[in-house]
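What follows is a short report on a single structure.
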Amino acid sequence: MKKASHFFSDGKPFLVYNVDILSIISLKKLVDLHINSNSIATLAIQDRKSSRKFLFDDKLILHGWQNEKTREEIIARKPQIKLTAYSFSGIQIIDPKIFNYFPDKDVFSLVELYLTAAKDEMIMGYEHNDDQWLDVGRIENVSEAEIVLNNIRSIYQV
């Protein structure tokens, strides 16, 4: 995204969708939430098994990140209440203002970017637990991809 930032100079939010993700997520609902929240980014999240998770408050505002395997935890914004851990779905709406938070290095993680921005800006979560989601970047999930694609075809009649 950093190298392509000049394509987003119009100031309008844009969709970033990881290429190895298949999902039946309502992108319209994701975009609507983003526009109505005035957040700098809106992340699609689910309550599913994953060792690394973002931490959100009860209004789904990002506060931190945790690695359940290593017990590492980073809190970017001090919470007033207990936080809930959600898995990031690799789908997000981003406001171009996020480019102000990109680090000066060429290679960095989105976790680092979002936690840095969350100190000053609101980053929202969009919970989509009822939507089918599959990471086809994992070899053991490739056979399930056909099932997801068939569901997508039936929903959209393609």
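If a residue must be in a helix (DSSP H, G or I), in contact with a Leu (Cβ under 7 Å, 6 or more places away or on another chain) and either surrounded by fewer than 10 Cβ atoms within 10 Å (Cβ to Cβ) or β-branched (Val, Ile, Thr) (or both), how many such residues does segment 135-158 contain?
The qualifying residues number 1.
Yes or no: segment 130-143 includes at least one residue that is closer than 24 Å to Lys29 by Cβ, out of contact with any Ser or Thr (no Cβ under 8 Å at 6 or more places or on another chain) and free of Cβ contacts under 8 Å to residues at least 12 places away in the same chain.
Looking for residues that are closer than 24 Å to Lys29 by Cβ, out of contact with any Ser or Thr (no Cβ under 8 Å at 6 or more places or on another chain) and free of Cβ contacts under 8 Å to residues at least 12 places away in the same chain, one finds at least one in segment 130-143, hence yes.
Go through segment 5-19 and count every residue that is part of a loop (DSSP other than H, G, I, E, B) and surrounded by 10 or more Cβ atoms within 10 Å (Cβ to Cβ). Quick ask: steps written out before the conclusion?
Here is the first cut: in segment 5-19, the ones part of a loop (DSSP other than H, G, I, E, B) are 9-13, 18-19.
Narrowing further to those that are surrounded by 10 or more Cβ atoms within 10 Å (Cβ to Cβ): 13, 18.
Number of matching residues: 2.
So how many residues does segment 38-87 have that are over 29 Å from Arg138 (Cβ atoms), of a type in the set (Lys, Arg) and out of contact with any helix residue (DSSP H, G or I) (no Cβ under 8 Å at 6 or more places or on another chain)?
3
For segment 131-143, check the following and say yes or no: at least one residue is farther than 18 Å from Arg48 by Cα, under 17 Å from the mean Cα position of the chain (by Cα) and among the charged types (D, E, K, R).
No, segment 131-143 has no match at all.
Mind checking which residues of segment 113-134 are part of a loop (DSSP other than H, G, I, E, B) and more than 14 Å from Ile93 (Cβ to Cβ)?
Lys119, Asp120, Asn129, Asp130, Asp131, Gln132, listed by residue number.
Check off (1) modelled with pLDDT of 95 or more; (2) more than 29 Å from Glu146 (Cα to Cα) for Val31 and give me the number that stays unchecked.
All conditions are met except number (2).
What do you reckon, is Val136 touching a helix residue (DSSP H, G or I) at 6+ places or on another chain (Cβ under 8 Å) and more than 19 Å from Pro13 (Cβ to Cβ)?
Yes.
Residue check: is Lys53 at pLDDT 95 or above and basic (Lys, Arg)?
In short, yes.
Identify, please: which residue in segment 112-130 is surrounded by 14 or more Cβ atoms within 10 Å (Cβ to Cβ) and of a type in the set (D, E, K, R) and is, among those, farthest from the chain's Cα centre (by Cα)?
Glu121
Which count do you get for residues in segment 20-39 that are in a loop (DSSP other than H, G, I, E, B) and under 19 Å from Met122 (Cα atoms)?
Result for segment 20-39: 2.
The values are calculated or read from the model by the stated rules, or taken from the named source; none is laboratory data. Remember, predicted model here, so these are calculated numbers, not experimental data. Virtual Cβ from ideal backbone geometry, glycine too; neighbours counted across all protein chains shown.
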